[in-house]
Amino acid sequence: MTDITHPETETPVPAKTTLDIHEIQRILPHRYPFLLIDRVVDLTPKERIVAIKNVTINEPFFQGHFPGHPIMPGVLIIEAMAQVGGMLLMGSVEDPESKVVYFMSLDNVKFRRPVKPGDQIRFELEIIQLRGTVCKMRGVGKVEGEVVAEADMAAMVRDR
């Protein structure tokens, strides 16, 4: 996800700004049922990221979380936001497939409204501070432009 050099002209080629599920799976170690993001729609390495989580009734947690009135558990909304943050942080390292992101802290977590089957969460995160392998980020999750969750996070990159 970092800039690369074109092999013939040796001119910089900007990193991709969108990633599909296959590219996400090459970077994040998470798999079903714990991979909670579907697509990265905008990425500026070392700055910000926007990613999408499609929430469907087929999610395994809906069987037991408020049957008859299904809502996405708040901790899974924050986990999805953390995975988006992990993708952002991986954009700042060489050879991201050999690294893993460990979250160190969550602060100022707020839930604004329930997330239901059929919703699409748009996560927007920005880096507040980046020192070596440690990063502080601020994130927000929105459904139809309305904030559903927000949090400040800290994470670090380590070798797998």
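The values are calculated or read from the model by the stated rules, or taken from the named source; none is laboratory data. Note that the structure is predicted; figures quoted are calculated from it, not measured. Backbone-built Cβ (ideal geometry, glycine too); neighbour counts: all protein chains shown. For the accessible areas, the whole protein counts, side chains as well, though only heavy atoms, and no ligand, DNA or RNA atoms are used. Shrake-Rupley method; radii C 1.70, N 1.55, O 1.52, S 1.80 Å.
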For the chain, what's the relative contact order in percent, using C-alpha pairs closer than 8 Å and at least 6 residues apart? 23
Starting from the Cα-Cα distance between Leu35 and Gln129, subtract it from 0.36 nm times their residue separation and give me the gain in nm to one decimal. 31.3 nm
Projected onto the charge dipole of the chain (unit charges on the beta-carbon of Lys, Arg, Asp and Glu, signs +1, +1, -1, -1), the Cα from Ala51, Gly68, Phe34 with the largest positive-side position is that of Gly68
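When all alpha-carbon pairs of the chain are counted, what percent fall beyond 27 Å? Each step should come with its number before you reach the end.
Numbers: 2982 of 12720 pairs.
Counting pairs separated by more than 27 Å, the tail of P(r) holds 23 percent.
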Go ahead and estimate [θ] at 222 nm for the chain from helices alone: -39,500 (n - 2.57) per DSSP H run with n ≥ 4, summed, over the residue count, rounded to 500. -4500 deg cm²/dmol
Would you tally the net charge around Phe103, using a Cβ to Cβ cut-off of less than 13 Å, leaving Phe103 out, and scoring K and R as +1, D and E as -1? -1
Residues with amide H under 5 Å from that of Ser92, placed H, sequence gap 5 or more: Lys46
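Within 11 Å, Cβ to Cβ, of Leu76, how many net charges do the neighbouring residues add up to if Lys/Arg are +1 and Asp/Glu are -1? Please list the in-between numbers first.
On the way: positive: Lys53; negative: Glu59, Glu79.
Within the 11 Å Cβ shell, the charges total -1.
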Going by Cα centres, region 30-60 and region 82-150 are how many Å apart? 10
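Computing the accessible area with a 1.4 Å probe over protein heavy atoms, can you report the carbon and sulfur percentage for the chain?
Values: 4510 of 8900 Å².
Roughly 51 percent, rounded to a whole number.
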Filtered chymotrypsin sites (Phe, Trp or Tyr not before Pro), region 34-115: DSSP coil and at most 14 other beta carbons within 10 Å: Phe34
